[in-house]
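Notes follow once the structure below has been shown.
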Amino acid sequence: APILLELPTDHPRQPVQAGRIALHHFQLSLELTRNLNALSQQENTTLFMLLLAAFKVLLYRYTSQPDVVVGTVIANRPSELLEALIGFFANTLALRTKLSESTTFCELLSEVRKVTVGAYTHSEAPFDQVVSNLRLEQNLSHAPLVQVAFFLQDEQMYRPHFADLQVNPFPFLPFPFRSGIARFDLLLEMTETRAGLQGSFEYDSDLFEKETIARLAGHWQTLLESIAANPQQTISLLALLTEAEQQQILVDWNSTASTLPEQMCLHHLFEAQAELTPHALAVRFEDRQLTYGELNSQANQLAHYLQRLGVGPDVLVGVYIERSLEMIVALLGVLKAGGAYVPLDPKFPQERLSFQLNDAQIAILLTQERLREKLSVLPLHVFSLDTQWQEVAFQSNLNPIGRVLPTNLAYMIYTSGSTGKPKGVQVLHRGVVNFLLSMQQRPGLTKNDVMLAVTTISFD
């Protein structure tokens, strides 16, 4: 059996367990209690077995551990001769069950019934002796073998009758009557009353916050309602989230819609900034720099040149350039021409670069002269920005008019290929614009911020 059931805790486990006890109470409806009782009778089990199976589902869903051990206490008075004796005969049973996400709850319930009945036949074996014979490695940070327990009590058990003496039950003993040390990481105690099942989570407050246990109690109730409604459902699909949590996760947290500018592409954002602050510094590399006006002007000249070569919407242009000012000019030039760039990292192996060129069917490549000879396969048209710029210098420096729409490609980057061949991922203008506009809000960017380009353009 697993040494430890690793529940997600709020605080790290201490080397020596000395957890302070804390309680969280809750009440299940009478209707749900009746439905659970009816289901247990229908499946020929006891309510204890059904609740234990459900609790194991909850633990499985919280831990993803397919082998779950839960402790319980048995009165251990098998003979009528022992029933009237005063003394402590109770023994702890370790109930172990293996779970699979494809198992239905009814199938699990049948297995839990077998495990429980089998444990009852050996209930006289002292728990301490079981632990001793298993020769478990001693670890003072948690209890041996059993860290989570489940009890089911009957309210009538708390009502003995004496002459001239009235006895009132305490289903959940208040703190003065409980030990100050948590017996388990987590203990679920249920009591069947006339008003329905009452529940209490006793927990180690050194491990869990009260809000976590309250949330756990909500999941427990939702799970029971889901089981009562559809016991043939696989345990991985049984509902856990409360209605409030579903509303928060599925609706409230996803209420992020915003209105994007119509017909706005990635390069349009840059053009708007260049018109607003033409003399402001746009990009700096080592001892060279360009203002927004200068960068926009050079990118426009390259864009007009590329349009003459047939670059338009969704036409892929390779960018095989080392980190430099020319790299930024090339990226903006392709976008302004209406095309989409495919970044080719000069540090990549020759085999990968050749694959990308062939796979993307690139016919036009922007590069630097010193990189030309490194490629064994070259596209039909190769343009070196550092040595052939005179060919574009006479082009117009005005913003080109393109037919590109937000639904057209902005660029295509390739995956690493760690799971097979690299795959080209196509990114639309609309997606990038949405991302950058959201960046203006969170974390929020101002004219005083400087962005450091720390990754290659082959990384998104």
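The values are calculated or read from the model by the stated rules, or taken from the named source; none is laboratory data. A quick note: this is a predicted structure, and the numbers were derived from the prediction, not measured. When we count neighbours, we look across all protein chains shown, and the Cβ atoms used for this are built from the backbone with ideal geometry, even at glycine. SASA here: full protein model, heavy atoms, side chains in, ligands and nucleic acids out. Shrake-Rupley method; radii C 1.70, N 1.55, O 1.52, S 1.80 Å.
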message = I'd like the Kirkwood hydrodynamic radius of segment 60-117, using the inverse of the mean 1/r over distinct C-alpha pairs, in Å.
response = 13.6 Å
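Work the Kirkwood hydrodynamic radius out for segment 310-396: mean of 1/r over every pair of different alpha-carbon atoms, inverted, in Å. Write down the numbers at each step before the final one.
On the way: mean 1/r = 0.0766 Å⁻¹.
Value: 13.1 Å, from the Cα pair sum.
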Solvent-accessible area per residue for the chain (1.4 angstrom probe, square angstrom) = 56 Å²
ask   = Which percent of Cα pairs goes in each bin when the distances of the chain are cut into 10 angstrom slices starting at zero?
value = 4, 15, 19, 12, 9, 12, 13, 9, 4, 2, 0, 0
query = For segment 1-88, what percent of Cα pairs sit more than 20 Å apart?
reply = 62 percent
message = Can you tell me the orientation of helix 47-63 relative to the chain, as the angle in degrees between its alpha-carbon axis and the longest Cα principal axis, to the nearest 10?
response = 30 degrees
ask   = What FRET efficiency, computed as 1/(1 + (r/R0)^6) with R0 = 56 Å and r the Cβ-Cβ distance, is obtained for residue 455 and residue 243, rounded to the nearest 0.05?
value = 0.85
key: segment 328-410: relative contact order in percent, alpha carbon pairs under 8 Å with at least 6 residues between   = 35 percent
remark   = Gyration tensor on Cα atoms of segment 365-423, a ≥ b ≥ c root eigenvalues, a/c under 1.5 rounded, else prolate if a/b beats b/c, else oblate, says oblate
ask   = Helix 210-229: angle to the longest alpha-carbon principal axis of the chain, degrees 0 to 90, nearest 10?
value = 80 degrees
remark   = FRET efficiency for residue 289 and residue 141 from the Cβ-Cβ distance with R0 = 45 Å, rounded to 0.05, comes out at 0.15
task = Among DSSP beta bridges whose residues both lie in the chain, state the antiparallel percentage, nearest 5.
result = 60 percent
task = With label points built 7 Å along Cα→Cβ from the Cα atoms of residue 445 and residue 80, find their separation and express it in nm.
result = 8.5 nm
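Step by step: find N for segment 91-154, compute 2.2 N^0.38 Å, then divide the Cα radius of gyration by it. What's the final number?
Values: Rg = 13.9 Å, N = 64, 2.2 N^0.38 = 10.7 Å.
Working it through for segment 91-154, the quotient is 1.31.
May I ask you to give the percent of accessible area on the chain that is carbon plus sulfur, with a probe radius of 1.4 Å?
Summing carbon and sulfur atoms, their accessible area is 53 percent of the total for the chain.
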